[in-house]
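The values are calculated or read from the model by the stated rules, or taken from the named source; none is laboratory data. If you're wondering where the values come from, they're calculated on a predicted model, not measured in any experiment. Methodologically, a virtual Cβ is constructed for each residue, glycine included, from the backbone with ideal geometry; neighbour enumeration extends over all protein chains shown. Side chains included, ligands, DNA and RNA excluded: accessible areas come from the protein's heavy atoms. Shrake-Rupley method; radii C 1.70, N 1.55, O 1.52, S 1.80 Å.
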Amino acid sequence: EPQVDPDPSKKTLVILGTGWGSISLLKRLDTENYNVIVISPRNYFLFTPLLPSCTNGTIEHRSIMEPVRTILRQKKGRVKFYEAEASSIDPERKVVRIFDNSEIRGDITETEVPYDMLVIGVGAENATFGIPGVREHSCFLKEIGDAQKIRKRIMDCVETAAFKDQSPEEIDRLLHMVVVGGGPTGVEFAGELQDFFEEDIKKLVPEISDRFRVTLIEALPSVLPMFSKQLIEYTESTFKEEKINIHTKTMVKKVTDKTVEAEVTRPDGTKETVVFPYGLLVWATGNAVRPVVKDLMARIPAQKNSRRGLAVNEYLVVQGTRDIWAVGDCAVAGYAPTAQVASQEGNFLARLFNNMAKTEALESKIRELSSSLNLQPGNSAAISREIEEHERQLRRIKDIKPFYYSHQGSLAYIGSEKAVADVTWFNGNVAAAGSLTFLFWRSAYISMCFSMRNRLLVINDWLKSKVFGRDLSRE
Ligand code: FAD
Ligand code: NAD
């Protein structure tokens, strides 16, 4: 098909990011109303809730990815996609500066994209709090590449520990898997890791298997602080049975290539430094603001006091701007940085923009009819009726309520086919844990998968790893 030029009668809507917020917006947006341009360094959507399951091969990474191009092909109105990172946003000139940060680059790697309306859905980066050694030595768990790196390193640790003449201390270090951060990411990963060990590594590499250990380090007094108390206790006792060591009130201060140094607060309030030698270190201490967002915040006086992201109003408009909206982890709307929030925000913006387009179309129709009223006085009764009808429609449409988040509950996998769930059911709160909850967790995630293709691939992966065991190839 030939390249179509932007339609000058339509506004240009630029959407940054292809994550939960942006893709939910795109899915429901009537793209015929705008010249839509999507910009993201990642040409796919990633179903993050199942990412921890990719670190041990329960799920193959491509099963939870959906190419943007496939998503865009299904849209009625043409959408442009540029695989690029937004490096800065100029709200005065209304342009986004973008650059191609991928391996293959053409003559042009950097340019500007003008917008009439801009949606920022760039997510967040990994928080390290400037702790020395974290960036150099640990693995994060946010992107597909992170999960692949972890999977490879687990097996590298195992094979290196099994290397001829390795000393017992070195075997202990290599097989010590340390996870920092007891939020849901850290907990789910620790659970997956223990499954991998129990169900596969133990059988296939029996000579070293009794040395494999998983340690979860958390600065606060408990893991999963957003879950209810009984579920925290259930998680902690399940971890104990699974032989995952939990160190709470332990704050990591420094990381080297082979050790983690942490400050432990003892029950009597005294502090002590503890050193954990490790083979694999996974860092999951939550979110930090991306540079492009920080840069924009610095340009808008109304964002002076925001720290954790772009402060938005109840319509998700970035405070201090008129034509910039923000969704998901980069926006501060008073909710937790979760996929659930991001996708509801994206859906809201789709409704808002569809409405705005309808409103504008009706308004311009009314303007047109009003001017024809003067030109055709003989027809005035009929034209007036038409104007009234349009105005009635306009009133109905204009009434769009502010964004409202409806919390469906929190779910987390904790290993050995058990999960914890805090869900709202028939207006009541239900806390559930165990194997049935695990089945609920699986069916909930299957129903949330992006496409039928993803759903089938994930089910297939689950069956495959159950029947044949996980694949220990280090690739
Ligand atoms: P993201 O989904 O992170 O998407 C950001 C997008 O912006 C990406 O496409 C990225 O490539 C792109 N981008 C980055 N920089 C730029 C740039 N400079 N210019 C343009 N584009 C850019 N939440 C739940 O509710 N339930 C769960 O079970 C759950 N499990 C999780 C498991 C893991 C391992 C992780 C890491 C998170 C999990 N979350 C879960 C949280 C959830 O993934 C995030 O809250 C959600 O992804 C936020 O959506 P977003 O659209 O803001 O950002
Ligand atoms: P988080 O912010 O929820 O948890 C990070 C944890 O790391 C905190 O408990 C913090 O006290 C701890 N920490 C920080 N610095 C530390 C240090 N130096 N030493 C030891 N511990 C330290 O981060 P997350 O788990 O990555 O989650 C991010 C967001 O994604 C959250 O909103 C979460 O709800 C969401 N998420 C949800 C699910 C799910 O629902 N199943 C899964 C993953 C992520």
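Quick rundown of the values:
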{"read-out": "In segment 186-206, the residues that are β-branched (Val, Ile, Thr) and part of a helix (DSSP H, G or I)", "value": "187, 201"}
{"read-out": "Residue tally, condition within 16 Å of ligand 1 (Cβ to nearest atom) and either open to solvent by 30 Å² or more (accessible area, probe 1.4 Å) or under 27 Å from residue 179 (Cβ atoms) (or both), over segment 294-318", "value": "6"}
{"read-out": "Candidates 218, 170, filtered to the one that is within 27 Å of residue 134 (Cβ to Cβ) and free of Cβ contacts under 8 Å to residues at least 12 places away in the same chain", "value": "170"}
{"read-out": "Filter result for residue 321 (within 16 Å of ligand 2 (Cβ to nearest atom), open to solvent by less than 90 Å² (accessible area, probe 1.4 Å) and in contact (Cβ under 8 Å) with a residue 12 or more places away in the chain)", "value": "no"}
{"read-out": "Residue 125 being within 13 Å of ligand 2 (Cβ to nearest atom), surrounded by fewer than 19 Cβ atoms within 10 Å (Cβ to Cβ) and acidic (Asp, Glu)", "value": "yes"}
{"read-out": "Any chance residue 215 is within 10 Å of ligand 2 (Cβ to nearest atom) and either at pLDDT below 95 or touching a helix residue (DSSP H, G or I) at 6+ places or on another chain (Cβ under 9 Å) (or both)", "value": "no"}
{"read-out": "Residues located in segment 407-449, provided they are closer than 18 Å to residue 244 by Cβ, in a strand (DSSP E or B) and open to solvent by 30 Å² or more (accessible area, probe 1.4 Å)", "value": "418, 433"}
{"read-out": "Top-ranked residue in segment 188-226 [being hydrophobic (A, V, I, L, M, F, W, C), touching a strand residue (DSSP E or B) at 6+ places or on another chain (Cβ under 7 Å) and open to solvent by 20 Å² or more (accessible area, probe 1.4 Å); ranked as farthest from ligand 1 (Cβ to nearest atom)]", "value": "219"}
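Residue-wise test of (1) within 16 Å of ligand 1 (Cβ to nearest atom); (2) under 20 Å from the mean Cα position of the chain (by Cα).
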site	(1), (2)
46	yes, yes
53	yes, yes
67	yes, yes
80	yes, no
96	yes, no
118	yes, yes
130	no, no
147	yes, yes
